[in-house]
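Input: a single structure, listed below in structure tokens.
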Amino acid sequence: MSTSGRKGSIAMTERSRALVETTALSTSSSPDGMAPPVQPIERPFIAAPPFSFPTASDTPTEASSVTMTPESSCDQTNFGSNLIASPWRSPTNRAAGRPPSNFVSPIGTPLHRSLHNLQHYLEEGGHSTTLHVRDTWLPLTESRNGNMVYAAFHNLNAMIGYQALFLPFAFIYLGWTWGLTVLCLAFTWQMYTKWQLIMLHETEPGKRIRNYVELSQEAFGQTIGFHTTIPAVLNLTVGTSIGLVVVGGSALELFYLTVCHKCVDNPLSMIEWCIVFSALCLILAQLPNMNSIASVSLAGALMAVSYTTLIWMISVFKKRPQDISYSLATKGDSPLVTTVAVLNAIGIITFAFRGHNLVLEIQGTLPSTLKEPSSISMWKGAKLANLVLVFCFFPLAIGGYRGFGNKMLNSGILYSLQAADLSKTARGFLALTFLFVMFSCLSSFQIFSMPVFDMIEQFYTGKWNKKCSPCVRLFSRSVYVLVVFFMAIAFPFLTSLAGLIGGLNSIPVTFVIPCFMWLSIRRPNKRSFTWCLNWFLAIFGIITSCLVSAASVGVIIQRGIKLEFFKPHA
């Protein structure tokens, strides 16, 4: 050791001994035996080690006052603190006689500042949002590399479904004027509530809502939010999946009867066609996450646009029956029957606008920063999808009603086209339409099942604290597809309750609950335009939901329902 270092150590030792003796004398000289107030003590000089030099960190600064706290655990929001905190600073090291907490090596100070600046940059850019490790294991949040185009055809695939095939049937009871009016109002209303959900996806910077139920809990509380929305969301998700199996199997059967009706004497039954469709669903269900089904959603969106276009074109250019009429089908009926039929038609139109229960899941696949939040790209994709939706729904409703009028069958426009007298060319296009309907149902099944897969894997990861293995994922998703298939063929009368299910679940999820969420989270000023608009839409939506549900019950009582098991039909 050098002479200067030895002298510094001797001086420190003598100074410390004198300090201890002075403290003991002052304590013993107190008349009541109590120690006098402790005076500020000058910190003794500490000699620098041979291979380090005194730095600016000897004086307390904001950059060097980093301590190990329970909050600095392994989390991505404060990863910089974990790397900055040095083992020299822990209380255990100080107790062991190691260098004190104010010691920072000349290498540590630049590293500290670099990591601090990097963390500040990431937080400012919005990349260090709260994302738990388990979220990277789940299908909905495993990949966040989507973009506006992905969001557009995901939304389009979720919005256009088999419910749109009944739009021309609703015009029979509403007519041209009221039918177009209700269709325009429903389209505008659902677009406004979708905008609300997109804006509420990030209720505060750095926090993203994963699904519809979590947003409801954020707005109404954990208990009320969960019990308010989970039944409706599950009924829509699982019920739509069951309907897709029935419609997909029916489309396969119609395609076969149109193209190859003389191939064999004994065609496949409806159950066998549902088995074929479910087998295709089982194969595609093994895709891991939402972004991995992007190509499937793109194909499904193209198929949906194609079959709606082919349907209205065939309906318009085919030869119309001579006794066709466009007068209201309820003309001459009692006021009660007319009211029930009109409300049921309104329910058919509102039930055609679906997919709001998947908006947050789709938006969760997009990256988000504070400078460019996910709501920007998601809203652009949603506007593009709604623009395409206009060119699908309105021509389908108008062209289908013009082609069939009061001759439309209760089973929808697909079976009306199958029963119509078409030319050979038109029947070839019709067969292609059935095939497109099947592929659209196949892709819609994947996007509607993905939230259920996420829920299953979320339970597994929370229980075992590890990612689902390929075997577990294969087993769980296969079981879900088989359960949906079993319910589709075992309880085929559930499709007759579509109007009632839509009135109780689809209308609140699509038109009502987003308005209440906006009022609860954003809290607009009372009696402002936004406040009045949301309250009006919410109350009017509740009244509409109750009336449509009551009308659906009346239609079921009027037509009757056959409780046939294991005899599926379209």
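If packing is taken as the mean number of other Cβ atoms within 10 Å per residue, what is the order of 189-202, 368-381, highest first?
The most tightly packed comes first, giving 189-202, 368-381.
At a 10 angstrom cut-off on C-beta neighbours, averaged per residue, how do the peptides 271-280, 290-299 rank from highest to lowest? Walk me through the numbers before you get to the answer.
Details: 271-280: 18.0, 290-299: 20.0.
Taking the mean over residues of other Cβ atoms within 10 Å, the ranking is 290-299, 271-280.
Decide, for the stretch 220-338, between rounded, prolate and oblate: order the square roots of the alpha carbon gyration tensor eigenvalues as a ≥ b ≥ c, take rounded if a/c falls under 1.5, and otherwise choose prolate if a/b is larger than b/c, else oblate. Spell out each step's value before the answer.
Details: a/c = 1.93, a/b = 1.16, b/c = 1.67.
Here the stretch 220-338 falls in the oblate category.
Label the stretch 138-559 by shape, choosing from rounded, prolate and oblate, from the square roots a ≥ b ≥ c of the eigenvalues of the Cα gyration tensor; if a/c is under 1.5 it is rounded, and otherwise prolate applies when a/b is larger than b/c, oblate when it is not.
Oblate, since a/c reaches 1.5 and b/c is not below a/b.
Please sort 384-393, 439-448 by packing, taking for each peptide the average over its residues of neighbouring beta carbons within 10 angstrom, highest first. Before the final figure, lay out each step's value.
Working: 384-393: 18.0, 439-448: 24.8.
With the highest mean Cβ count within 10 Å placed first, the list reads 439-448, 384-393.
Using a ≥ b ≥ c from the Cα gyration tensor of the stretch 192-255 (square roots of the eigenvalues), is it rounded, prolate or oblate, where a/c under 1.5 gives rounded and otherwise the larger of a/b and b/c decides, a/b for prolate?
Prolate, since a/c reaches 1.5 and a/b exceeds b/c.
For a quick check of your reading of the filter: which trypsin sites (Lys or Arg not before Pro) in the stretch 234-335 sit in a DSSP loop and have no more than 12 other Cβ atoms within 10 Å?
Answer by residue number: 262, 319, 331.
If each of residue 542 and residue 421 carries a label point 7 Å out from its Cα toward its Cβ, how far apart are those two points in nm?
It works out to 5.4 nm between the two label points.
Take the residue pairs 371/467; 207/466; 194/467; 207/380 and return only those whose Cα atoms are more than 27 Å apart.
Violating the 27 Å limit, Cα to Cα: 371/467; 194/467.
For the stretch 138-559, what is the accessible area per residue in Å² when the probe is 1.4 Å?
42
Cα centroids of the stretch 140-192 and the stretch 301-357: how far apart, whole angstrom?
15
Using R₀ = 51 Å, calculate the FRET efficiency as 1/(1 + (r/R₀)^6) where r is the Cβ-Cβ separation of residue 320 and residue 383; round to 0.05.
Working from the Cβ atoms, E equals 0.90.
The values are calculated or read from the model by the stated rules, or taken from the named source; none is laboratory data. Small disclaimer: the values here were computed from a predicted structure and weren't measured. In this analysis, Cβ positions are derived from the backbone assuming ideal geometry, glycine residues included, and neighbour counts consider all displayed protein chains. With ligands, DNA and RNA removed, areas are computed over all heavy atoms of the protein, side chains included. Shrake-Rupley method; radii C 1.70, N 1.55, O 1.52, S 1.80 Å.
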